[in-house]
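A.B. asks: What follows is a single structure, and I will ask about it in a moment.
The values are calculated or read from the model by the stated rules, or taken from the named source; none is laboratory data. Since the model is a prediction, treat every value here as computed from it, not as a measurement. When the accessible area is computed, the model is the full protein with side chains, heavy atoms only, and any ligands, DNA or RNA have been set aside. Shrake-Rupley method; radii C 1.70, N 1.55, O 1.52, S 1.80 Å.
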Amino acid sequence: MEGNKSIKKSFLELTNQGLALVKKRLIEKEKKNNGYLVIADKNGVIKKIPASEL
């Protein structure tokens with residue numbers, strides 16, 4: 001069972017790294033196109049933010 005925990009931890013770390021890279025690339029792409037990102041804040045309120053502000 002101990003081996004399972006290390007596999008789960010490394011998978012979680014790799015997943016988080018991948019998501020961070022995707023987020024970075026999406027923001028860069030939208031900045032080039034003067035685009036917007038639609039996000040939800042902690043209260044669930046939808047906001048449209050220019051990518052240049054991120």
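A.B. asks: Let me have the relative contact order for the chain, percent, based on Cα pairs under 8 Å that are six or more residues apart.
C.D. replies: It rounds to 25 percent for the chain.
A.B. asks: Counting only heavy atoms of protein chains, what accessible area per residue, in Å², does the chain have with a probe of 1.4 Å?
C.D. replies: Computed with neighbouring chains in place, this is 94 Å² per residue.
A.B. asks: I'd like the carbon and sulfur percentage of the solvent accessible area for the chain, probe radius 1.4 Å, heavy atoms only, ligands and nucleic acids excluded.
C.D. replies: Accessible surface attributable to carbon and sulfur in the chain totals 58 percent.
A.B. asks: Just tell me which lysines come within less than 23 Å, Cα to Cα, of Lys42; anything on the same chain fewer than 8 places away is out.
C.D. replies: Output for Lys42: Lys23, Lys24.
A.B. asks: To continue, here is another question. Cα axis of helix 2-32 to longest principal axis of the chain: angle in degrees, 0 to 90, nearest 10?
C.D. replies: Long axis of 2-32 versus the principal axis of the chain: about 10 degrees.
A.B. asks: While we're on this one: Could you pull out every residue, at least 5 positions away or on a different chain, whose amide H is within less than 5 Å of the one on Gly35? Hs are placed 1.01 Å off N in the peptide plane, and Pro or chain starts have none.
C.D. replies: Under 5 Å from the amide H of Gly35: Ala51.
A.B. asks: Then there is this: Considering the chain as a Gaussian network with a 10 Å cut-off on Cα pairs, which listed residue, Lys23, Lys31, Lys42, attains the greatest mean-square fluctuation?
C.D. replies: Largest GNM mean-square fluctuation: Lys42.
A.B. asks: In addition: Rounded to a whole number of µm²/s, how large is the Stokes-Einstein D of the chain at 25 °C and 0.890 mPa s, given Rh as the Kirkwood radius over C-alpha pairs?
C.D. replies: For these conditions, the coefficient is 185 µm²/s.
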